[in-house]
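The values are calculated or read from the model by the stated rules, or taken from the named source; none is laboratory data. Bear in mind that the values here come from a model prediction, so they are computed numbers and not experimental data. Every residue, glycine as well, gets a Cβ built from its backbone with ideal geometry; the counts of neighbours run over all protein chains shown.
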Amino acid sequence: MSPKDQKCVQLYRIVFSFIFIDAKLHTGSQSSGISYPRTHISTQLDGDSKSFRSLDFIEALSTIDIETSNYVPLLEECIDRKSLSGAQNVHSHIIKTGTHEDVFTMRFLANVYAKCGAMENARKVFDTLPCKNVVAWTALMTGYLHNDQPAAAMYVFIQMLECGSYPTNYTLGSALAACSALNAVELGKQIHAYSIKYQLEHDTSVGNSLCGLYSKCRSLNSAMKAFQKIREKDLISWTIIISACGDNSRAARGLRFFSEMLADNVEPNEFTLTSALKQCCTMLSLKVGAQVHSLSIKLGYDSCLPVRNSIMYLYLKHRRFREAQQLFSGMEDRSLVTMNSMIAGYAEMMDIAKDNLSAYHNGTEALEIFSTLNSSGLKPDIYTFSSVLSICSKMLALQQGEQVHAQTLKTGNLQDFIVATALVNMYNNCGSTERANKAFQEMSARTLISWTTMITALTHNGQSQQALQLFEDMRLAGVRPNPITIAGALSACAHAGMVDEALGYFEMMQKDYKIKPVMDHYTCLIDLFVRLGWLDEASDLIKKMDFEPNECVWSLLLAGCKRHGNTELGLHAAEKLLELKPKDAETYVLMLNMFKSADRWEDVSKVRELIREKKLEKLTDWSWISSKGKVYSFKCDEKQAYGDDVNELLDELREKAKSLLGYETLESFDLVDEEDEEEKSSSRVHSEELAAAFGLLNIHDAAPIRIIKNTSMCRDCHNFMKAISSLNAREIIVRDSKLLHKFVNGQCSCGDFGGLLL
């Protein structure tokens, strides 16, 4: 480097020091709260004895003779630092020295303003240019694009064409990107035609932009054609087309493109890997996803948060919860997406848990993550709230649900119909239909999902007439029911024993709404028939169905046969049910009790022998209840573990129920943990009874008692809960493994049928 060049470099550094300091002087650096005094700087160049006297910035620049080309490094420094004030100071000096007449310098200055986000300044400088070449036009267009003004970018493009300038490949790329941002596919097609006319469609920049445009406008075939015509495909090309396949529901094709990219020796980046992992989730391809995971580790992207989020979501989607939990635990930085994915994962784990106890533990973990999210400073969104409310619903966690309700009000997220519907569902599942109805009435807009949720919830809470009235209100409002809504109306008819109305809805569904009956609709009719004791009609309907009966159908028929004493048909239903669930302990218990009721002791012995041969897993009778922020669990036949108060209250309640209400203990068989043989439950205390007694002692009188049980209730406990609700004027809600039982004033919402009371 020549002495002259070295002196210029030092000069640039000195001048920019003035620029930066002067910017601080004018802005005051408010963010840091530091006040910068008016600074004077004294410097020397190459040991020259002649020094600059103390000067401020403008004076310093005035004393320096800067050639036109020497402004470029100063302006580049402004770009690097995103210093708008620095650019303005250099602009002032350019004008003072008359350099503003230099076209190259002013073009560069316009580009600097654009990259600093000052598009108004950039446009003013651009308009002063006496000669505007394609580089200047393209720079201005790109500036508008980067500053989220695609319409302005297109206006500049049209102006350029009107002025007679011919666009380059980069110009066309920017114009196509603007069309994509505006969803202006027809205008994009015109630019595409222009690129074909001037043989530019094979260019990488143009091809990439065409792929992006057609993908966003849902024209994947056109996007793939544009991709295939790119002669030199770069990483951006591959990433765009892979993402395009994912965005247009062609995940398998996207993964093939990913494989082709690797075969072409193109190394993916975090965006490519994230897109490929998302498509593995869509395809439910854990094998390919694990390979992409390995590749991300090899390339060093395993610590990249979007990639880790996608890998975690992949494992959650495939129900590999242990791997997902390990990834989550190992993350130092967690985004809202990370938290949401894990909360949703735990919600799904609740759905597939082997019993209610495991589901409750998963829900507790999810609520812990939600608490961590709130304390981390991240702001929950609609997906967070909907997942958490769903979890509270499954756990009967009304207190936590109320807290989430308050948070949605505070953040304004309750205005979203997804959150509002989840809130309605939460209150309904917790047995608080009044609050659910209030939340439903306050919804700013009711969707079909909202109507369906409320109709179904009213049915499950024993309010069939209200459910059917709401169904009619929905129809009057012009909302067209879907198959799930019709199933809700049929279920309400079943709970109320309304045969004519149910058959009317079943016919209306097919004639008026052209909805073909599915399994859920037949299940509701079978439920209605078995509740009324019409077992032959239920059996005939099962035979007429166009598809094979599922577990729910045979369970209903078996329960009905047990209740109404049709042992032979019940045995047939039990055999069919065991073909679907060969090791379902509850089915064997129902068979035992059905044969016992008919005094068929030889058949009881045969079922016992069958249980021993199959080595069935014993039913673990657990219940749990929440009180004062703590969860208490109860196990069958562990009376002494919960104190004398609980046992004394149970004995007192049982005596009162017998003397005042005529309650009689029903004997039934059950499978127990401790022994290999079945015992009569008349001498035993079930877990929900212990939980109810504990709740009466520890939960204040105004609050309902909410209990979760991991197996089905037996009929004796069901009758006892009705008696307790009557004797103590308390609302008791029990969610067993089949459904919700809401006991109020001696009545249960299940109509004393309950689907599968043992």
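Key figures
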{"read-out": "Hits in region 445-475 (condition: more than 18 Å from G431 (Cβ to Cβ) and assigned to a loop (DSSP other than H, G, I, E, B))", "value": "A445, R446, T447"}
{"read-out": "Selection within region 232-272 - surrounded by fewer than 18 Cβ atoms within 10 Å (Cβ to Cβ), part of a loop (DSSP other than H, G, I, E, B) and at pLDDT 90 or above", "value": "E232, D234, D264, N265, V266, E267, N269"}
{"read-out": "Options T408, T421: the member that is part of a helix (DSSP H, G or I), under 15 Å from the mean Cα position of the chain (by Cα) and not assigned by TED's automatic domain parsing to the domain that holds S626", "value": "T421"}
{"read-out": "Condition check for E548: more than 20 Å from G533 (Cβ to Cβ) and in a helix (DSSP H, G or I)", "value": "no"}
{"read-out": "Per-region count, region 311-364, residues under 19 Å from E270 (Cα atoms) and in contact (Cβ under 8 Å) with a residue 40 or more places away in the chain", "value": "3"}
{"read-out": "Residue count for region 703-727, restricted to those that are of a type outside the set (S, T, N, Q), assigned to a loop (DSSP other than H, G, I, E, B) and within 35 Å of the chain's Cα centre (by Cα)", "value": "3"}
{"read-out": "Criterion: of a type outside the set (D, E, K, R), crowded, with 21+ Cβ neighbours inside 10 Å, modelled with pLDDT under 95 and not in a helix (DSSP H, G or I) - qualifying residue of G478, G431", "value": "G431"}
{"read-out": "Residue in region 663-686 that is buried (at least 22 other Cβ atoms within 10 Å of the Cβ), modelled with pLDDT of 85 or more and not β-branched (V, I, T) present", "value": "yes"}
{"read-out": "Of the criteria (1) of a type outside the set (S, T, Y); (2) modelled with pLDDT of 80 or more; (3) over 24 Å from T171 (Cβ atoms); (4) in contact with a Phe, Trp or Tyr (Cβ under 6 Å, 6 or more places away or on another chain), which one A122 fails", "value": "(3)"}
{"read-out": "Some residue of region 349-357 being part of a helix (DSSP H, G or I), farther than 20 Å from W622 by Cβ and not hydrophobic (A, V, I, L, M, F, W, C)", "value": "no"}
{"read-out": "Members of region 728-740 that are under 20 Å from I699 (Cβ atoms) and either at pLDDT 90 or above or in a loop (DSSP other than H, G, I, E, B) (or both)", "value": "N728, A729, R730, E731, I732, I733, V734, D736"}
{"read-out": "Residue check for Y301: farther than 21 Å from W238 by Cα, touching a helix residue (DSSP H, G or I) at 6+ places or on another chain (Cβ under 9 Å), free of Cβ contacts under 8 Å to residues at least 60 places away in the same chain and aromatic (F, W, Y)", "value": "no"}
